[in-house]
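Participant: One structure, as structure tokens, below. Some questions next.
The values are calculated or read from the model by the stated rules, or taken from the named source; none is laboratory data. If you're wondering where the values come from, they're calculated on a predicted model, not measured in any experiment. With ideal geometry, Cβ positions are generated from the backbone for all residues, glycine too; neighbour counts draw on all protein chains shown.
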Amino acid sequence: MKNPLYLASLGAAALLAACSTTPHPPLPTVQAVDLERYYGTWYEIARLPNSFQAMCASDTQALYRPQGKEVAVVNRCRTADSTIKQADGIARVVAGSHGAKLRVSFFRPFYGDYWILALDPGYRWVLVGEPGRKYAWILSRQPRLDEATLEALLNRAAALGFDRQAFLRTPHAGGALTPMAPASGE
């Protein structure tokens, strides 16, 4: 039979370990997003890497455009061997989120969270993440974002519980990819 003091110590250690791993509070989003203003091309400035973007070496862009009641999403990037990769997806606005929360799928029927956490009033930059805080993106309307704004967005991400040190900056060759434009008639 185990020593009762040993069992009590083990229980106390388990309780302390459970207390030290506090879950994050709910992830706040912006109050509302005007999707008409959000549509268009965005350039990835920095990201918390995910497995789907592992092949992207530079020039990552995203295009959002209306598609009926949904949002068409086109992501493109340049690989290390200069091949352009493209992924086409669809997004749905989460009811009651006023456009601040989307569910995005590139591999239907699987959807992921795309929450807008910070947005420039002029829609020039955005911080996007997901509630598990594993993935996040800093996007800009231009291939470059001034350092002060980038630092502020990285600090905001850290304040929300994202690993600031894990963000990777995305290089852009300065117009190496043709900017994506909405399909004609949209």
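Participant: Given the criteria buried (at least 16 other Cβ atoms within 10 Å of the Cβ), farther than 20 Å from residue 157 by Cα and of a type in the set (A, V, I, L, M, F, W, C), does residue 73 qualify?
Facilitator: In short, yes.
Participant: Something else: Please give the strands (runs of 3 or more DSSP E) falling wholly within region 80-144 in which 3 or more residues are buried (at least 16 other Cβ atoms within 10 Å of the Cβ), of a type in the set (A, V, I, L, M) and in contact (Cβ under 8 Å) with a residue 40 or more places away in the chain.
Facilitator: 110-119, 136-140
Participant: I'm checking my understanding of the structure. Among residues of region 145-169 that are among the acidic types (Asp, Glu) and assigned to a loop (DSSP other than H, G, I, E, B), which one is nearest to residue 28 (Cα to Cα)?
Facilitator: 163
Participant: For region 151-169, check the following and say yes or no: at least one residue is in contact with a strand residue (DSSP E or B) (Cβ under 9 Å, 6 or more places away or on another chain), modelled with pLDDT of 95 or more and either of a type in the set (S, T, N, Q) or loosely packed, with under 12 Cβ neighbours inside 10 Å (or both).
Facilitator: Taking every residue of region 151-169 in turn, none turns out to be in contact with a strand residue (DSSP E or B) (Cβ under 9 Å, 6 or more places away or on another chain), modelled with pLDDT of 95 or more and either of a type in the set (S, T, N, Q) or loosely packed, with under 12 Cβ neighbours inside 10 Å (or both).
Participant: Now, a different point. Return yes when residue 44 is charged (D, E, K, R), closer than 23 Å to residue 120 by Cβ, modelled with pLDDT of 80 or more and not in a strand (DSSP E or B) and no when it is not.
Facilitator: So residue 44 does not fit the description; no.
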